[in-house]
Amino acid sequence: MADTTSRLTSLKARITELADMADMAGRDREGEARGLAAELSTDLDRLMAERPARPDPHADKPSQAPRAPRDDVERCPVCSLRSFNFQKGSIRESADGGFEAFYRCGSCAHEGWREIK
C-alpha cells in the first residue's frame, strides 16, 4: 500500500506540473505538455492493471435469498386480533444473520419487525 501511495503522490505532482504548463502562454511548451500527458496516461493504465483485486465481501457467505414469511397475517401482539399483516418488499437481514419482515396491524396500527421462520 505504501508503494502505491508514493507512486500516486508522484503522479499527482506530475499532473500539477502538467496543469502549470497548460496555463503558461505560448505554444512552445505544447509538445512537452502533450508528452507528459501521454506518460501520465500510460502510468495510470499500468497502476490500474497492477492494483490488487478487492475481495468480494459476500464471497464467504452463501447467498441465501430471503424468503417470504410462512404466514402473511399473524395475531397482533397489541390488540390480539389476527390482523398483523406482512408488508411486501420489507424483508431485511437481521443482526443474527437471519431475515426479518415488517408487519403492520390493520386494526390498531401497531408496527414491528418479526423474524422469518
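A short reminder: the numbers here are calculations on the coordinates, not readings from a lab. These figures come from a predicted structure and were not determined experimentally. A quick note on method: Cβ atoms are made from the backbone with ideal geometry, for glycine too, and the neighbour counts reach across all protein chains shown.
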Karplus (6.51, -1.76, 1.60) ³J(HN,Hα), θ = phi - 60°, over region 69-77, in Hz, Gly and Pro reported as x:
x, 4, 10, 6, 10, 10, 6, 5, x
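Within 10 Å, count the other beta carbons around each residue, average over each peptide in 29-38, 95-104, and list them highest first.
So the peptides 29-38, 95-104, ranked by packing, come out 95-104, 29-38.
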All other residues with a Cβ under 14 Å from the Cβ of LEU81 taken together, and with Lys, Arg as +1 and Asp, Glu as -1, what is their net charge?
+2
